[in-house]
1. Among the residues of region B:138-154, write down those that are of a type outside the set (Phe, Trp, Tyr) and touching a residue at least 60 places away in the same chain (Cβ under 8 Å).
2. Test A:PRO75 against the criterion of being touching an Asp or Glu at 6+ places or on another chain (Cβ under 6 Å), more than 11 Å from chain B (Cβ to nearest Cβ) and crowded, with 17+ Cβ neighbours inside 10 Å, and give yes or no.
3. With the structure loaded, tell me whether A:VAL170 is of a type outside the set (D, E, K, R), surrounded by 15 or more Cβ atoms within 10 Å (Cβ to Cβ) and in a helix (DSSP H, G or I) or whether it fails that test.
4. How many residues are of a type in the set (Gly, Ala, Ser) and surrounded by fewer than 19 Cβ atoms within 10 Å (Cβ to Cβ) when one looks only at region A:93-130?
5. Filtering region A:168-182 down to residues that are hydrophobic (A, V, I, L, M, F, W, C) and within 20 Å of B:TRP111 (Cα to Cα), which residue is nearest to the chain's Cα centre (by Cα)?
6. Which one of these does A:ALA66 not meet: (1) of a type in the set (Gly, Ala, Ser); (2) touching a Phe, Trp or Tyr at 6+ places or on another chain (Cβ under 9 Å); (3) in contact (Cβ under 8 Å) with a residue 40 or more places away in the chain?
7. I'm told A:THR25 meets every condition in (1) crowded, with 21+ Cβ neighbours inside 10 Å; (2) over 24 Å from B:ARG38 (Cβ atoms) except one. Can you identify the failing condition by its number?
8. Could you tell me whether any residue of region B:81-103 is part of a strand (DSSP E or B) and touching a Lys or Arg at 6+ places or on another chain (Cβ under 7 Å)?
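The values are calculated or read from the model by the stated rules, or taken from the named source; none is laboratory data. Computed from a predicted model, the values in this text were never measured in an experiment. Every residue, glycine as well, gets a Cβ built from its backbone with ideal geometry; the counts of neighbours run over all protein chains shown.
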Number of protein chains: 2
Amino acid sequence: MAFERSAPRTVWDGGSWRLDVETLTFGDGRSRERGIIRHPGAVVLVPMQETAVGWQILMLRQYRHALDQTILELPAGTRHWGEDWLPCAQRELREETGHRAASFVDLGQIWPAPGGSDELMTLFLATDLTPDPLPADDDEQIEVVAMPFADVVQMAQSGQIRDAKTVVGVWRTAVYLSESEK
Amino acid sequence: MAFERSAPRTVWDGGSWRLDVETLTFGDGRSRERGIIRHPGAVVLVPMQETAVGWQILMLRQYRHALDQTILELPAGTRHWGEDWLPCAQRELREETGHRAASFVDLGQIWPAPGGSDELMTLFLATDLTPDPLPADDDEQIEVVAMPFADVVQMAQSGQIRDAKTVVGVWRTAVYLSESEK
């Protein structure tokens, strides 16, 4: 059915993202509101180091208030509005894992929730890691855990890892590594 | 840094989801607001049919207002609050693709955006499809496209498909099919 959209109005602005709401009016006179999250985008990091026993991935155990639980996920962080992707990736990697990377490989982009948000995430494989920490955000509770990459692939496939960006980052990294070895 | 959380207040309620905001007050007296999307959850369908030339997947081309563009994605739909997953999956499959499935396989769950939302998605592989349409939602613009599954796997790996739930659903289906064939 055809409908008209009102101009959006901002009902909440948290600085890093905001909620805009518009009113849809249908041909039969009914109307309803639709909310759209306006978001500056985010980076997702896949920090990997080669060891004597194969590739290790740096994962986070992070307490997520929205879920009221600690989950296993890749390091990630919100962009500042207009910030370039690569400086954001290096900053978030240092803040969240205490390492910098000498090499970043672009693993493509994802929309985590395009039904109601314009957030776009850029994924990077980050290698050649060296310690170089930055202070973490003051409302984050994070623990870095190094895990065998093969185990994490298995957990992402099986559903044991539920964070969507992490599943995508792990899969694209597995494909990238298997193609590099050909 | 330690902080105190206020009780959440709802700043917008769209029926299918709402935005709650709480105030964090830090030990040094600073404070800021944090928004959390409260969401009833959603189903993601991977509708597949075996043909003479291999597996085909039913994808959607859907206009997404938040992005102001038409994207390629799997059928999906928001749960009613408290609705069981499987009836929701069958209803959304019929509404969005015009088919019902005789077989559903649970492909696990994902959080699309746990940094700011409690939305949980359950993914289902849907097979043994027969035509049995339900009316679509009146604000959706959807076209169903049957595509070779192998092509969609390639597009999800490469980044040509950007919708996160779709990338996860396609990967887990590829793993499931390869394990079934063993």
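1. Those that are of a type outside the set (Phe, Trp, Tyr) and touching a residue at least 60 places away in the same chain (Cβ under 8 Å): B:GLU140, B:GLN141, B:ILE142, B:GLU143, B:VAL144, B:VAL145, B:ALA146, B:MET147, B:PRO148, B:ALA150, B:VAL152.
2. Answer is yes for this residue.
3. Working: of a type outside the set (D, E, K, R): yes; surrounded by 15 or more Cβ atoms within 10 Å (Cβ to Cβ): yes; in a helix (DSSP H, G or I): yes.
In short, yes.
4. So in region A:93-130, the residues of a type in the set (Gly, Ala, Ser) come out as A:98, A:101-103, A:108, A:113, A:115-117, A:126.
Next cut, surrounded by fewer than 19 Cβ atoms within 10 Å (Cβ to Cβ) only: A:98, A:102-103.
The qualifying residues number 3.
5. Step one: filter region A:168-182 for residues hydrophobic (A, V, I, L, M, F, W, C), giving A:168, A:170-171, A:174-175, A:177.
Next cut, within 20 Å of B:TRP111 (Cα to Cα) only: A:168, A:170-171.
Details: A:VAL168: 10, A:VAL170: 12, A:TRP171: 14 Å.
Here the residue is A:VAL168.
6. (3)
7. All conditions are met except number (1).
8. Yes.
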